[in-house]
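Before any comments, here is the structure.
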Amino acid sequence: MPRPPDPAKRRRLLERVHDYVIRNGLSGLSLRPLAAELGTSDRMLLYYFGTKERLIAEVLAMDDRRPLLRVRDRLDAAGPPGDAADMRRLMEEVWRLFTAPDVRASFPLHIEVMVDSLLHPERYGPVLHDVVTQWTDLLTSILLGTGMPEDRARSHATLLVGAVFGLQLAPLTNDRWDQATAAYRDLLDCLEPAWCATGDNPR
């Protein structure tokens with residue numbers, strides 16, 4: 001009877017694949033040279049991950065989950081935002097998490113996968129859709145907790161998620177993360193008055 005995969009070894013392999021793909025991208029990626037670079041075999045990679053597409057999906061999920069897990073940990077420890085100022089602080093923290101060097105380094109890979117998925121949606125499955133959905137659902141839930149009606153809460157959550165992801169595109173070409181941060185704060189300036197009004201005058 002074959003032994004089950006070793007979780008610790010699988011995790012170490014995934015971390016090394018992550019570093020390789022961040023450095024080299026997906027263009028022309030094949031398992032044999034990847035395995036040679038890692039000092040293993042393509043058969044071993046297939047044993048642990050099944051397919052190249054599943055391996056890449058898990059690489060993406062490693063970075064996608066970091067900000068999400070950190071925000072959830074923050075909410076577990078401190079509770080949900082109690083007012084508009086708390087909501088503002090939470091959303092500024094979300095931006096800092098996504099634009100931290102260790103996370104934003106993977107963003108070009110996300111773009112590469114997004115483009116490839118438009119042509120070949122079967123390759124990477126719902127991983128990117130799931131990330132957007134999880135963030136939108138989380139922020140919707142937080143805003144509902146402040147007393148905002150569901151349709152308004154989901155609209156604000158959709159706008160915030162779109163801004164967090166979308167505003168990272170331009171700095172990849174011009175490295176002006178300061179401009180992206182300023183634009184994001186302008187958006188928060190526009191949304192914060194509605195959060196202030198929610199408790200007294202739900203809309």
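Quick note: the coordinates plus some simple rules give every number you see, no bench work behind them. The shown structure was predicted, so the numbers you read here are calculated from the model rather than taken from an experiment. Don't worry about glycine lacking a Cβ; one is built from the backbone with ideal geometry, like all the others, and counts go over all protein chains shown.
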Exercise for review: Rank by packing, highest mean first: peptides 67-77, 81-91, with packing defined as the count of other Cβ atoms within 10 Å averaged across residues.
Suggested key: 81-91, 67-77
Review point. What relative contact order, as a whole-number percentage, does the chain give when Cα pairs under 8 Å and 6 or more residues apart are counted?
Key: 21
Review point. How many angstrom lie between the C-alpha centres of the stretch 17-47 and the stretch 110-157?
Key: 29
Point to revise | Burial ranking of peptide ranges 135-142, 166-173, 47-54 (average Cβ count within 10 Å, highest at the top) | key: 135-142, 47-54, 166-173
Practice item. For P(r) over Cα pairs in 10 Å bins from 0, in percent, several values are listed as (1) 7, 27, 31, 24, 10, 1; (2) 9, 33, 34, 14, 6, 3, 1; (3) 8, 30, 30, 20, 10, 3, 0; flag the one computed from this structure. Key: (3)
Check your understanding: Over all pairs of distinct alpha carbons, what does the Kirkwood formula give as the hydrodynamic radius of the stretch 1-50, in Å?
Key -> 11.4
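Kirkwood Rh over alpha-carbon pairs of the stretch 19-102, then Stokes-Einstein at 4 °C and 1.567 mPa s: what D in µm² s⁻¹, rounded to an integer?
Working: Rh = 15.4 Å.
In µm²/s, the coefficient is 84.
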Study note, to complete from the structure: Looks like the stretch 152-203, by Cα gyration tensor root eigenvalues a ≥ b ≥ c and the a/c under 1.5 rounded cutoff (else prolate when a/b is bigger than b/c, oblate otherwise), is oblate
Review point. Quick one: helix 7-24 against the long Cα principal axis of the chain, what's the angle to the nearest 10°, folded into 0 to 90?
Key: 80
Practice item. As a check on your grasp of the helix formula, calculate [θ] at 222 nm for the chain: sum -39500 (n - 2.57) over DSSP H runs of n ≥ 4, divide by the residue count, round to the nearest 500. Key: -25000 deg cm²/dmol
Review point. Treating the beta-carbon of each Lys and Arg as +1 and of each Asp and Glu as -1, no other charges, what is the dipole magnitude of the chain about its Cα centre, to the nearest 20 debye?
Key: 800
